[in-house]
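These notes concern the structure reproduced below.
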Amino acid sequence: MEPQANQTAARVHPGCQCLSATALKLLAVVLMVMDHIHQMFVFAGAPLWLTMAGRLVFPIFLFAAAESFHYTHSRRRYLGRLLLASWGMTLLTFILQRLVPNEQVVLMNNAFSTFFMAGLYMLFWDWLREGIRTRSPRKILQAVGGGLVPILCALPIYLVALLSFREDVSPALIRLLASAALLIPNILTVEGGFFMVALGVLFYMFRAHRAAQIAALLLLSGVVYLSGDKVQSLMGLAAIPMLLYNGERGRGMRNFFYLFYPAHIAVLYLLSALVQ
């Protein structure tokens with residue numbers, strides 16, 4: 001692990017950090033499974049506290065993603081893996097719901113899309129910062145133009161929505177077109193919405209200042225609370241494991257995290273359909 005990571009961790013409550021990046025993500029995995037148990041079995045009385053615990057998952061993973069993006073040897077490969085994983089999740093959820101209908105559960109799970117979109121905007125932020133530092137209008141325009149692309153890529157979703165109001169277009173065709181449109185990365189359809197992408201980018205922008213990262217998280221949590229979503233506002237509790245991060249990578253286990261996410265979604269969904 002690069003020295004800078006340890007120095008960053010050391011500036012926040014020295015001696016208290018006990019969680020590596022891998023440990024943070026394993027903690028998030030446990031909370032994620034609890035959250036998805038609630039999602040798949042809420043019709044059977046799964047308790048609310050399961051999804052309350054799951055509110056910490058996205059901030060923890062986004063915090064870890066900011067670290068990963070900074071230290072990755074190839075940002076192109078990093079983003080490519082996330083894009084492929086996002087496509088895979090879109091296809092998996094479409095196939096599962098077609099082969100095994102489940103009236104109680106609608107699968108919209110694709111955290112990979114959020115991590116990919118956050119990674120893109122981390123890249124655009126680096127371009128913008130470099131353009132300002134080198135006084136390069138070309139680099140600044142590249143960053144701004146890049147930031148507009150995911151917004152424009154949401155247009156196919158709007159077109160599908162317009163088609164859905166036409167009586168001469170079958171619902172099956174609408175579902176197929178919607179699934180195809182979801183394969184186009186865009187800021188509109190990412191899981192968790194634009195605010196989660198923004199949170200990931202803020203974690204990256206302030207990655208050398210843990211207090212600023214936590215302030216961004218708590219600010220967003222406060223906004224969510226004031227909007228009336230008290231359960232989602234519990235995401236602010238992710239500040240606790242963030243404070244315990246020691247700046248170390250840990251064992252990595254990259255393939256485990258890429259495989260476990262779609263696997264546990266599929267297993268829980270099928271079990272939910274079976275229970276019905």
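The values are calculated or read from the model by the stated rules, or taken from the named source; none is laboratory data. All of these numbers come straight from a predicted model, not from anything done at the bench. Virtual Cβ from ideal backbone geometry, glycine too; neighbours counted across all protein chains shown. In case anyone asks, the SASA skips ligands and DNA or RNA and just uses the protein heavy atoms, side chains included. Shrake-Rupley method; radii C 1.70, N 1.55, O 1.52, S 1.80 Å.
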Quiz item: Where in region 140-171 is the amide nitrogen less than 19 Å from a point lying 7 Å along the Cα-to-Cβ axis of Ser227?
Solution: 151
Self-check item: Sorted peptide list for 142-154, 260-272, criterion being average Cβ within 10 angstrom, highest first
Solution: 260-272, 142-154
Practice problem: Take the Cβ-Cβ distance between Leu141 and Leu173 as r, set R0 to 35 Å, and report the resulting FRET efficiency rounded to the nearest 0.05. | Solution: 0.35
Quiz item: Rolling a 1.4 angstrom probe over the protein heavy atoms, how many square angstrom per residue are accessible across region 211-256?
Solution: 55 Å²
Quiz item: Can you list the residues of region 16-38 with backbone N under 20 Å from a point 7 Å past the Cα of Glu248, pointing along Cα to Cβ?
Solution: 16-29
Practice problem: Give me the orientation-averaged projected area of the Cα convex hull of region 106-189, in nm², one decimal. | Solution: 6.2 nm²
Quiz item: Just from its helices, what would the mean residue ellipticity at 222 nm be for the chain, if runs of 4 or more DSSP H residues each count -39500 (n - 2.57) and the sum is divided by every residue, rounded to the nearest 500 deg cm²/dmol?
Solution: -23000 deg cm²/dmol
Exercise. With the Cα gyration tensor of region 234-276 in hand, give its eigenvalues times 5 under a square root as the equivalent ellipsoid semi-axes, listed largest first in whole angstrom.
Key: 30, 18, 5
Exercise. Please sort through the DSSP H helices of the chain and keep those with an alpha-carbon extent of at least 20 Å along the long axis and a Kyte-Doolittle average not below -1.0.
Key: 21-41, 57-71, 75-99, 111-134, 137-152, 210-226, 254-275
Quiz item: For the chain, which whole-number percentage of the solvent-accessible area (1.4 Å probe, protein heavy atoms only) is attributable to carbon and sulfur atoms?
Solution: 69 percent
Exercise. Tell me, rounded to the nearest percent, the portion of alpha carbon pairs in the chain spaced more than 33 Å apart.
Key: 24 percent
Quiz item: What full-extension length gain, to one decimal in nm, is calculated for Thr134 and Glu103 as 0.36 nm per residue of separation minus the Cα-Cα distance?
Solution: 5.6 nm
Quiz prompt | Span from the region 142-194 Cα centroid across to the region 20-40 one, whole angstrom | solution = 29 Å
